[in-house]
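Single-structure report; data block below.
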Amino acid sequence: MSQIIAHRGDSGHYPENTMKAFKKAIAAGCDAIELDVQRSKDGELVVIHDETVNRTTNGTGYVKDLTLKELRQLKIKKSRFLRPEKIPLLDEVLQWLQNEAIMCHIELKNDKVRYEGMEKEILQKVAEFKLDNRIVYSSFNLDSVTTLKKLDSPSEVAFIYNKKGVNPLLLQQTVGADAIHANYRVMTEQLMRDCQRHGFPVRLYTLNQVSLIQKWMDAGLSGVITDFPGRALQLKKEK
C-alpha cells in the first residue's frame, strides 16, 4: 500500500514548510512529512524550499545571505485567517518529531547553492534527536547522495530527478541510492515496475489530482508525495 507523504506539510491548505503545515499533515493522518533544508548566512539549518525568500515571505534575498535573526523576522505569506508563521529551524522540527509517530523526508536543497558539509551536519542533528530510523534523505545533487551514503547513515537515501530520458536504474547504480523520487511526468508504469523489481522503492511528486493519485496507487507506487494529503488518504482508505 502506498505511503502518503505530505509535500512541505499539508501545503495545499497551509503555508508550506511551516510548523502549521506539518502539524496539520499529522492531524490528517499521513504517513510522513517532507521538508527542505538550507543554511543561513551564520550557519543555521533552516526549513525553506527556494534558494531565495522572495516567493514565500515578505522579504527578498538569498537564504545563504541572510542571518537566522533576519530570516526569523520575515513573515510567511499566508491566508488572512492564519496566525503569522515563521521559517522553522531544523532543530525545531526534529524536536517536535520526537513526540510524533511519523516518518520525515528531508530534502537537502544543495543542487543550486552548494552548502559545504551540509550532509554531515544534518546527519549529526538527526542523530542528536535519535531519529535516524524515521528519516529519509533526498537530493537532486548526486554528489550529495553519494556523500550521504559514504557517511554510513542508517537512514534511507533517495535521489530526485525530473528529466525525461534519464534511466533511474543507471543513476541508482552510480550513486548507490536506496530509493527513487521522481517527478510523475517523467515516470512510466513500466519503468516503475523495473525499479521495484530491482528492489528500489519509487515515490512520485507532486501528485495532487485524484485521478493521478489513483492511477499510481493502482500501479503499486511506494509513496505518494502530495500537497493535499487528505485526498490521497481518502483514496487509500477506500482501497
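The values are calculated or read from the model by the stated rules, or taken from the named source; none is laboratory data. Because the structure is predicted, anything quoted here is derived from the model rather than measured. Cβ: placed from backbone, ideal geometry, glycine included. Neighbour counts: every protein chain shown. Surface areas here come from the heavy atoms of the whole protein model, side chains and all, with no ligands, DNA or RNA. Shrake-Rupley method; radii C 1.70, N 1.55, O 1.52, S 1.80 Å.
One line per residue, one yes/no per condition, for (1) hydrophobic (A, V, I, L, M, F, W, C); (2) in contact (Cβ under 8 Å) with a residue 60 or more places away in the chain; (3) at positive phi:
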site	(1), (2), (3)
Q95	no, no, no
N99	no, no, no
K125	no, yes, no
F129	yes, no, no
N133	no, no, no
E156	no, no, no
Q172	no, no, no
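Per-residue answers, yes or no, for (1) within 21 Å of the chain's Cα centre (by Cα); (2) over 20 Å from Q124 (Cα atoms); (3) open to solvent by less than 70 Å² (accessible area, probe 1.4 Å); (4) aromatic (F, W, Y):
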site	(1), (2), (3), (4)
V46	yes, no, yes, no
V63	yes, yes, yes, no
K69	no, yes, no, no
L89	yes, no, yes, no
I102	yes, no, yes, no
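Summed over the range 91-100, residues that are assigned to a loop (DSSP other than H, G, I, E, B) and either surrounded by 15 or more Cβ atoms within 10 Å (Cβ to Cβ) or polar (S, T, N, Q) (or both) total 2. Within the bounds of the range 77-84, is there any residue that is touching an Asp or Glu at 6+ places or on another chain (Cβ under 8 Å), touching a residue at least 60 places away in the same chain (Cβ under 8 Å), on the phi < 0 side of the Ramachandran plot and among the hydrophobic types (A, V, I, L, M, F, W, C)? No, there is no match, as no residue in the range 77-84 is touching an Asp or Glu at 6+ places or on another chain (Cβ under 8 Å), touching a residue at least 60 places away in the same chain (Cβ under 8 Å), on the phi < 0 side of the Ramachandran plot and among the hydrophobic types (A, V, I, L, M, F, W, C). Here is a check on your reading of the model: is M217 on the phi < 0 side of the Ramachandran plot, modelled with pLDDT of 95 or more and part of a helix (DSSP H, G or I)? When the stated conditions are applied, M217 passes them.
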